[in-house]
Amino acid sequence: MKTADMKHVPQSIGDTILQKMVRVAYHAFNFVTGYDHADPPTSAIGYRLIILESVAGVPGMLGGMFRHFRSLRQLERDHGFIFTLLEEAENERMHLIVCMSFFEAGPFTRFIVQAGQVGLTPFLAGLYLIRPQLLHRFVGYLEETAVHTYTNIVQMTNSPGTKLHTAWKDTPAPQAAIDYWQLPADAMWVDCLKRMLADESHHRDVNHAMASMSADEMFGEANPFIHEHKADYEAGVRRYTEAVLKRALADLDLQRTHTPDVLATKK
Ligand SMILES: [Fe+2]
Ligand SMILES: [Fe+2]
């Protein structure tokens, strides 16, 4: 939330056009969905999150796919970028799945989601084909608006007297979210919103960083975010090892024989 107001300043005409496109789409979307920043109703939020998260899962998969084919075609290493992009796509899809365990999607929402995918996928692929950095810059600006929205939703949910606070102050987190982010069993819905906010701010930073790379940095040097995947992997191994050891110690206790009798006597 501390970085919610951090915005990338366009460095070229391309950046300016992409930023304007995202801002126009953002304000049009606010108007259509009836999103009032000062006190948004829950009805506007379910609809909004389902549509936004279903679109947000597209660019990471496209970027990862294009890099994968490039690596095959050019007979060259990828230097670890594909993983970051596919992980972003999966993370966005999990945001959608978490939202779906909480909100209902009617026929109209489903139609908009499908039309959005049909319309936006060629546009996003086109940006990548013109220049990969354009796709990342577009995603960076899109994520700035996502950070803005989630910050507002979290603040409103934590502010007594608002519609969101009334509706969600006692709402527990869905099980899908507890499993995915390994939240405590008593986590609340607002904790999920905070996790989604943290994810979106990370996507914003990663995509703006990639958009600012030269072609050589993007295709010839190591992914600067690769250490995060290593740290995640090591933390996962540590958690798994701890769980196995705890289970083994518990089993040891179960197998122990407690009896005052002598089990075998000498004749
Ligand atoms: Fe998301
Ligand atoms: Fe995102």
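Checking every residue in the range 191-209 against the condition of being modelled with pLDDT under 95, out of contact with any strand residue (DSSP E or B) (no Cβ under 8 Å at 6 or more places or on another chain) and surrounded by 16 or more Cβ atoms within 10 Å (Cβ to Cβ) gives zero matches. Among the residues of the range 105-116, is there at least one that is within 16 Å of GLY57 (Cβ to Cβ) and within 15 Å of ligand 1 (Cβ to nearest atom)? Yes, the range 105-116 has at least one match. When the range 1-29 is limited to residues that are out of contact with any Phe, Trp or Tyr (no Cβ under 8 Å at 6 or more places or on another chain) and within 20 Å of PHE111 (Cβ to Cβ), the one that is surrounded by the most Cβ atoms within 10 Å (Cβ to Cβ) turns out to be ALA25. Within the range 184-202, is there a residue that is in contact (Cβ under 8 Å) with a residue 40 or more places away in the chain, away from ligand 2 (no atom under 16 Å from the Cβ) and either closer than 20 Å to MET94 by Cβ or in contact with a helix residue (DSSP H, G or I) (Cβ under 7 Å, 6 or more places away or on another chain) (or both)? Scanning the range 184-202 turns up at least one residue that is in contact (Cβ under 8 Å) with a residue 40 or more places away in the chain, away from ligand 2 (no atom under 16 Å from the Cβ) and either closer than 20 Å to MET94 by Cβ or in contact with a helix residue (DSSP H, G or I) (Cβ under 7 Å, 6 or more places away or on another chain) (or both). Does HIS79 count as surrounded by 14 or more Cβ atoms within 10 Å (Cβ to Cβ) and more than 16 Å from ligand 2 (Cβ to nearest atom)? Against the criterion (surrounded by 14 or more Cβ atoms within 10 Å (Cβ to Cβ) and more than 16 Å from ligand 2 (Cβ to nearest atom)), HIS79 qualifies. The set of residues in the range 38-56 that are hydrophobic (A, V, I, L, M, F, W, C) and within 13 Å of ligand 2 (Cβ to nearest atom) comprises LEU49, LEU52, VAL55, ALA56.
Based on this model, can you work out whether ALA209 counts as hydrophobic (A, V, I, L, M, F, W, C), in contact with a Pro (Cβ under 9 Å, 6 or more places away or on another chain), within 21 Å of LYS2 (Cα to Cα) and more than 14 Å from ligand 1 (Cβ to nearest atom)? Outline the logic, then answer.
Values: hydrophobic (A, V, I, L, M, F, W, C): yes; in contact with a Pro (Cβ under 9 Å, 6 or more places away or on another chain): yes; within 21 Å of LYS2 (Cα to Cα): yes; more than 14 Å from ligand 1 (Cβ to nearest atom): yes.
Considered against the rule, which asks whether it is hydrophobic (A, V, I, L, M, F, W, C), in contact with a Pro (Cβ under 9 Å, 6 or more places away or on another chain), within 21 Å of LYS2 (Cα to Cα) and more than 14 Å from ligand 1 (Cβ to nearest atom), ALA209 comes out as yes.
Residue count for the range 36-80 under the criterion of being under 21 Å from LYS194 (Cα atoms) and in contact (Cβ under 8 Å) with a residue 40 or more places away in the chain: the result is 17. Counting the residues of the range 99-152 that are within 16 Å of ligand 2 (Cβ to nearest atom) and either of a type in the set (Phe, Trp, Tyr) or closer than 22 Å to LYS7 by Cα (or both) gives 19. Considering the conditions (1) of a type outside the set (D, E, K, R); (2) at pLDDT 95 or above; (3) under 22 Å from HIS8 (Cα atoms), PHE225 is excluded by exactly one of them, (2). Would you mind stating whether GLN114 is buried (at least 20 other Cβ atoms within 10 Å of the Cβ), at pLDDT 95 or above and over 19 Å from the mean Cα position of the chain (by Cα)? Judged against the criteria, GLN114 is not a match.
Could you tell me how many of the residues in the range 210-227 are surrounded by 13 or more Cβ atoms within 10 Å (Cβ to Cβ), in a helix (DSSP H, G or I) and without any contact (Cβ under 8 Å) to a residue 24 or more places away in the chain? Going through the range 210-227 one residue at a time, the tally reaches 1.
Among the residues of the range 135-176, those that are in contact (Cβ under 8 Å) with a residue 40 or more places away in the chain, of a type in the set (A, V, I, L, M) and either closer than 12 Å to ASP191 by Cα or not assigned by TED's automatic domain parsing to the domain that holds LEU49 (or both) comprise ILE153, VAL154.
Out of curiosity, is ARG48 in a helix (DSSP H, G or I) and more than 16 Å from ligand 1 (Cβ to nearest atom)?
Numbers: in a helix (DSSP H, G or I): yes; more than 16 Å from ligand 1 (Cβ to nearest atom): no.
In short, no.
The values are calculated or read from the model by the stated rules, or taken from the named source; none is laboratory data. The model shown is predicted, which means the values in this text are computed figures rather than measured ones. Counting neighbours? That spans all protein chains shown, and the Cβs are built from the backbone with ideal geometry, glycine included.
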